[in-house]
1. Test each condition in (1) touching a helix residue (DSSP H, G or I) at 6+ places or on another chain (Cβ under 9 Å); (2) among the acidic types (Asp, Glu); (3) modelled with pLDDT under 95 for residue 147 and report the one that comes out false.
2. If residue 378 satisfies all but one of (1) under 23 Å from residue 263 (Cβ atoms); (2) under 19 Å from the mean Cα position of the chain (by Cα); (3) modelled with pLDDT under 95, what's the number of the condition it fails?
3. Can you tell me which residue within region 253-279, out of those that are part of a helix (DSSP H, G or I) and among the charged types (D, E, K, R), is surrounded by the fewest Cβ atoms within 10 Å (Cβ to Cβ)?
4. Evaluate the following for residue 282: is it among the small types (Gly, Ala, Ser) and not in a helix (DSSP H, G or I)?
5. Within the set of pairs 6+ apart or on separate chains, which have a first residue in region 171-184 that is in contact (Cβ under 8 Å) with a residue 40 or more places away in the chain, a second that is open to solvent by less than 10 Å² (accessible area, probe 1.4 Å) and β-branched (Val, Ile, Thr), and C-beta atoms under 7 Å apart?
6. So, in region 117-137, of the ones that are open to solvent by 10 Å² or more (accessible area, probe 1.4 Å) and hydrophobic (A, V, I, L, M, F, W, C), which residue ends up farthest from the chain's Cα centre (by Cα)?
7. Counting just the residues of region 288-317 that are of a type in the set (D, E, K, R) and not in a helix (DSSP H, G or I), which one comes out most open to solvent (accessible area, probe 1.4 Å)?
8. For region 166-176, does any single residue satisfy the condition of being modelled with pLDDT under 90 and in contact with a helix residue (DSSP H, G or I) (Cβ under 9 Å, 6 or more places away or on another chain)?
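The values are calculated or read from the model by the stated rules, or taken from the named source; none is laboratory data. Being a predicted model, the structure only gives us computed values, none of them experimental. Here the Cβ is made from the backbone with ideal geometry for all residues, glycine too, and neighbour counts use every protein chain on show. Just so you know, the surface numbers come from the protein's heavy atoms only, side chains and all, with ligands and any DNA or RNA stripped out. Shrake-Rupley method; radii C 1.70, N 1.55, O 1.52, S 1.80 Å.
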Amino acid sequence: AVVPFDSSSRSSSMRSSQQQHKKKKKDGHSKSLPVEKTMLLMEEEEDENEEEEEDKDKAKRRSTMPDISRTDHALRSSLFLPVSSFNILRKAEAAGKKENNNNKDSYFDDNKDVFAPREWYELEKEEQIELYENYLSWEKLMKWDFDIFKVTELCKGKPMLFLGWAILASPHSQRIMKQHITNENSNKDSDRELEQKQDDFGYNFMELYRIPPQCLLDMLRCIEMHYNSSNPYHNPIHGADVLQTTHTFLKRMNAKELPGITSLHCFALLLGALIHDVGHPGLNNNYQTNAFSKLALRYNDKSILESFHVSYAFQLLFSSNSSSSNDNDNEKVDLNIFQNMGIKQFQECRQMMIDAVLDTDMAAHFTRLQAIEDIPPKEEWDFSGGDDSTINDVAPLRDMSWMLMTFAMHVADISNNAKDKGIAVQWTDRVLTEFF
C-alpha cells in the first residue's frame, strides 16, 4: 500500500521558518525600506497566505468523505472500488432517515418466505399496479418488447432491484405483488392455487439454495449500486435489461428441458446476467489494451473487462461487513447468497457464472457463432447413451445445452437493435454517447 504524502507538517515548518525570517528582516531594517524590498516582503506574505489556504483545502478534503455514489472518477482512475462502499452508502442512507421500520425490508404477512423490498411499499398504489400488470408479472416478464426505460421510471431508478426480486425470488415475489395489488391476502384459495403452480410462476431458487430473503435484497442493491450510473449505456438499466432478456430466452427455449440442464444452470446464468457489467468504467477493451491500463495489465489483455466484472462481483458478494444507522445499532450486511450451498455446488455455480460472463466478450463472437451453427438439429441428438450408458454419457449433450444457454445470454447483451424501434433508438443513442 502506498502511504499518501502528508504535506501539513512540511508546510507548517516552512511557514514557521518564513515567519522567523520575516521577523529578522523587520528587526534588522528601519521602518523606511526601499521600494524593492517592500515589494519583496509583500510577495512573500501573499505566498504565505496562498500556502495557508491550500493547506486548509487539503485538510478539508482529507477529512471529508468522498461522494462514492458517483463512481465514474474512481473507476477511471483506480479502476477498482473498495468492497466496503456498499456498507458506507447504506450507513449514510440510514443516518439520513428517521429510525423506523421503513429502513428494513417488509413482509406481507408472518410467512417470511413471502417478502418484498421496502422500495416496493414506497411506491404509490398506481405505480405498483402498473408495474405488476404491465411489466413484473410472470407473463409480462417474458415480453420481447419489454420497456426497461419505463420500468426504471416507475421504480424510481432501481430497475435491477425490482427485476432481480421479481425473477430470482419467484414465485414468492409474484405472490406478494398479486396479493398486495388485488388485496387477496386473505384469499387462501388464491395462495393454494399459486403454490400448486410454482413451477409455472417461478424458479424456486429461494428454497433450492436456501437463500435468506434479506441477503438477496441487499445483494441486489449492492450490485445495482456498483454499476456506474454516470455511464450512458453500461449502467444499471443495461444490467436489468440483460437480466430480463436472458430470463425471456430461458423461458421461451424451455431451458430446463434441455439435456443435462438443472436449476443450478439457470440460477448461474441469471446471476451472470445480473453482474455481467458491474463496475464498467465506460471505456471498452480496445481502449484498455491501447492505454496499457491497470486492468489491461492485470488481466493480460484477455477479456479484460469481462474478467474484471466477474472478479469484482464476487469480491462484493463476499464483503460482508458491519454497518450501522447509529452508534448503538450495528447492522450486519450479508451479501453472500451462496452461504447455504455445499462447497461443490458453489464451485460449480461460480464456474458457470465465470464462463457466462467471459462469453460476453465480443472478441469471441464469430468463433462462438460458428460453434452454435455447427450444433446438429435437436432431432439428431442421441439421448440413448447406448446399453451401458451412465450419467456421464450425457456430458456432451449437457455441454452443448450449456453452450446454447451462455450464447443466449451473449445475445441478450447485444439484443438492443432487435427490440422495439423506440427502445432500440434510445439504446443506440446511449452507445454512441458513451463510446464516441
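1. Exception for residue 147: condition (3).
2. (2)
3. 257
4. Yes.
5. Here the result reads 172/114; 175/114; 176/114, each pair linking region 171-184 to a residue that is open to solvent by less than 10 Å² (accessible area, probe 1.4 Å) and β-branched (Val, Ile, Thr).
6. The qualifying residue farthest from the chain's Cα centre (by Cα) is 129.
7. Within region 288-317, the match that is most open to solvent (accessible area, probe 1.4 Å) is 302.
8. No, region 166-176 contains no residue that is modelled with pLDDT under 90 and in contact with a helix residue (DSSP H, G or I) (Cβ under 9 Å, 6 or more places away or on another chain).
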